[in-house]
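Undergrad: Have a look at the structure that comes next, please.
The values are calculated or read from the model by the stated rules, or taken from the named source; none is laboratory data. Quick caveat, the model's predicted, so the values are computed rather than measured. With ideal geometry, Cβ positions are generated from the backbone for all residues, glycine too; neighbour counts draw on all protein chains shown.
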């Protein structure tokens, strides 16, 4: 049988029983749609999580060597000259977008009646990025670079102390030299970071204000923000070499090293959805195997006739597998189209939801890219062909006489 005749015969067979063909296509299309939409949702979730972490911590952070060592002793604040020199070297990287300096502060924040522990930071309010910029304002305003004495606090702190925007509070913290400093500050805004535990201790002020409180002109770390397509490890390695060449004892951490929880959560979700994909693949295999087996067995006499007029076993097997391949192709095309349409529709609705452990809603959407169709196509095709292989081989290997008398 010529290739054209084989393909034509395989293409006409599904039209003989429209109900059965429709059932197979529904199964394949639904499986493709489910897997495609799942992949797009996971990609959007991972992308949002990674961008959120990068916005808070920068793509890279630079600090004195030992700053991230949990056993460190003493302050590791970089002097102003070191901050400026490190920033000058970092600006030589073409992938760099901006640099933010931060200085942490731990101490007590209170009024005349009560106080509470805070764990905050001084940031450059005029520059986007950094933890203080990744907040939802509940009342008042965000930090203003011109408002030297203004601070923002977490909503639980405001509730605990009974304060609100425009109220004045006192902040006591340990200076770099070990002395205690006490300053007065105005609450510019009450905010939520989206994490209840962090909100209970959150405080942020302008970098110059926190420098005054800590008694230093320096900063603890530099947050480096890079282009989204920048090679992270290559930039980190290049900077490390340039710092070493200048004799600067500085250490670099990537956002991935600073946020291990992201990969722990990603690994958990990957395992869960991998199990779901295996279940879907098994269901597709069983459902298609059942329907295709019925279709093949009902056509044994037809296949016997083809064998009697000279069609070889290999051609019979190829014809049956091509038929299932056509089913899979149409099912994948329909499922992919419906999946892309559904994702675009839901993205356009601007839906949001509040994840467990978060206090702020996050966008609910899908990262619509066709590359996420690769694994659904592979799963559907492999499951379909494996499901058809056993009945197809059995049909091709039966003797002509047995097939012709099969009822």
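Undergrad: In region 148-175, what count of residues is obtained for those that are surrounded by 17 or more Cβ atoms within 10 Å (Cβ to Cβ) and assigned to a loop (DSSP other than H, G, I, E, B)?
TA: Total satisfying the criteria: 2.
Undergrad: Of the residues that make up region 301-321, is at least one part of a helix (DSSP H, G or I), modelled with pLDDT of 80 or more, outside the structural domain of residue 84 (by TED's automatic domain parsing) and surrounded by fewer than 17 Cβ atoms within 10 Å (Cβ to Cβ)?
TA: no
Undergrad: Name the residue, out of 136, 103, 76, that is surrounded by fewer than 20 Cβ atoms within 10 Å (Cβ to Cβ), in the same structural domain as residue 184 (by TED's automatic domain parsing), over 28 Å from the mean Cα position of the chain (by Cα) and in contact (Cβ under 8 Å) with a residue 12 or more places away in the chain.
TA: 76
Undergrad: In addition: For region 234-251, indicate whether the set of residues that are outside the structural domain of residue 44 (by TED's automatic domain parsing), loosely packed, with under 12 Cβ neighbours inside 10 Å and modelled with pLDDT under 90 is non-empty.
TA: So far as region 234-251 goes, no, none of its residues is outside the structural domain of residue 44 (by TED's automatic domain parsing), loosely packed, with under 12 Cβ neighbours inside 10 Å and modelled with pLDDT under 90.
Undergrad: Looking at this structure, is residue 5 in a helix (DSSP H, G or I), farther than 17 Å from residue 280 by Cα and modelled with pLDDT under 75?
TA: Answer is yes for this residue.
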